[in-house]
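Inspection log for the structure reproduced underneath, given as structure tokens.
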Amino acid sequence: MATCFCGCGSKVKLSRRAVNATGGLVQVQLEAWDGIEGRLTAANLWTEDLEGFVEEGSGMAVGLASVVHGGPPSGMRGQREMTRWLKESRRLLIEVDSKLSGAAGDPVVPVEEDDDPLRCPTCGARFDDEATCAAHIIGQHGD
């Protein structure tokens with residue numbers, strides 16, 4: 001059985017696994033932003049717009065976690081809005097990574113390289129089964 005993306009360790013019911021998978025994707029992006037905020041600030045690239053964008057993602061994660069924990073679906077944003085945020089986050093992370101390419105450190109975009117069939121090769125999110133992983137890849141990345 002899947003566990004909640006927020007790290008609380010709660011088991012996720014089958015009916016809420018898609019929401020949990022989306023939460024995991026948002027969480028991966030938020031961790032990337034958290035890991036690079038200091039470097040962006042030092043390079044004078046951390047802006048109010050970026051901060052607001054990341055806060056928007058944090059709000060999505062809170063809403064998704066609420067639903068995974070048994071709350072009503074009305075607490076989360078629409079799928080189209082979440083997909084837009086995920087795509088824009090990925091694009092912005094790649095953009096700031098290229099701006100910081102001369103700086104020391106690891107790449108911004110968190111993609112683990114392995115042969116795990118349950119891991120998305122594009123964003124690095126990991127799923128509990130191949131069908132969910134495939135649906136994610138098709139729905140989020142169009143591959």
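For the range 20-39, residues that are over 22 Å from THR83 (Cα atoms) and touching a Leu at 6+ places or on another chain (Cβ under 7 Å) total 1. Note on the range 22-36: residues that are surrounded by 15 or more Cβ atoms within 10 Å (Cβ to Cβ) and out of contact with any Phe, Trp or Tyr (no Cβ under 6 Å at 6 or more places or on another chain) amount to 9. When we screen ASP115, ASP106 for residues that are farther than 17 Å from TRP33 by Cα, in a loop (DSSP other than H, G, I, E, B) and either in contact with an Asp or Glu (Cβ under 7 Å, 6 or more places away or on another chain) or at pLDDT below 75 (or both), the only hit is ASP115.
Scanning the range 56-95 for residues being assigned to a helix (DSSP H, G or I) and either of a type in the set (Ser, Thr, Tyr) or out of contact with any Phe, Trp or Tyr (no Cβ under 9 Å at 6 or more places or on another chain) (or both) gives a total of 22.
Here's the yes/no breakdown for (1) of a type in the set (D, E, K, R); (2) over 26 Å from VAL96 (Cα atoms):
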{"position": "VAL19", "(1), (2)": "no, yes"}
{"position": "GLN29", "(1), (2)": "no, no"}
{"position": "GLY38", "(1), (2)": "no, no"}
{"position": "ASN44", "(1), (2)": "no, no"}
{"position": "THR47", "(1), (2)": "no, no"}
{"position": "GLU51", "(1), (2)": "yes, no"}
{"position": "GLU56", "(1), (2)": "yes, no"}
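Of the residues making up the range 10-28, those that are in a helix (DSSP H, G or I) and in contact with a Ser or Thr (Cβ under 9 Å, 6 or more places away or on another chain) number 6. THR41 meets each of the listed conditions (1) surrounded by fewer than 19 Cβ atoms within 10 Å (Cβ to Cβ); (2) part of a helix (DSSP H, G or I); (3) touching a residue at least 12 places away in the same chain (Cβ under 8 Å) apart from (3). At pLDDT below 70 and not polar (S, T, N, Q): does that describe GLY124? It is false that GLY124 is at pLDDT below 70 and not polar (S, T, N, Q).
The values are calculated or read from the model by the stated rules, or taken from the named source; none is laboratory data. Since the structure is predicted, the reported quantities are computational estimates derived from the model, not experimental observations. Note: ideal-geometry Cβ built from the backbone for every residue, glycine included; neighbour counts use all protein chains shown.
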